[in-house]
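To start, the structure under review is shown below, and the notes come after it.
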Amino acid sequence: QVQLVESGGGLVQAGGSLRLSCAASRSIFSINAMGWYRQAPGKQRELVAAITSGGFTNYADSVKGRFTISRDNAKNTVYLQMNSLKPEDTAVYYCNAAFRVRTYWGQGTQVTVSS
């Protein structure tokens, strides 16, 4: 099993930055892929960014060039650096891990971007 704990959300003005952290309960070196999803009110949950155990990354078109996903294997933590934030980035952000045949989710952290 994998427990995921997110942190780093908050309220920020448009154009600002935040860094989200996702701490895993086991070595992330053994986790196939980890990612960040978000869900805004009334909308479906969507992929924001993902990173594989080999370091390959994937981003939603809406965040390319503004967000960066990274991992620190020594700290068992995945980060999402979010720059040039927009009001439409407002959502609950969830950490996700694909480990063996199961998918695990964190509890979510709220990001609110004011205009």
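Projected label points at residue 17 and residue 60, each 7 Å from Cα along the beta carbon direction, are separated by 2.1 nanometres. Computed over region 1-43, the range of Cα coordinates on each principal axis works out to 36, 24, 14 Å, biggest value leading.
Top to bottom by accessible area (1.4 Å), largest first, where do 101, 2, 92 land?
Working: 101 145, 2 5, 92 35 Å².
Heavy-atom accessible area, descending, gives 101, 92, 2.
About its Cα centre, what dipole magnitude does region 14-115 give when the only charges are +1 on Lys and Arg Cβ and -1 on Asp and Glu Cβ, stated in debye to the nearest 20? Present the calculation step by step, with values, prior to reporting the outcome.
Values: 12 positive and 5 negative charges, 48 e Å.
Here region 14-115 has a charge dipole of around 220 debye.
Normalised radius of gyration (Cα atoms, divided by 2.2 N^0.38 Å) for region 57-103: 1.32. Debye-formula intensities of the chain, expressed as log10 I(q)/I(0) at q = 0.19, 0.24 Å⁻¹, are -0.93, -1.42 (one equal scatterer per alpha-carbon, no solvent).
The values are calculated or read from the model by the stated rules, or taken from the named source; none is laboratory data. These figures come from a predicted structure and were not determined experimentally. Glycine gets a Cβ as well: all are built from the backbone with ideal geometry, and neighbour counts include every protein chain shown. Calculation scope for accessible area: heavy atoms of the full protein, side chains included, ligands and nucleic acids excluded. Shrake-Rupley method; radii C 1.70, N 1.55, O 1.52, S 1.80 Å.
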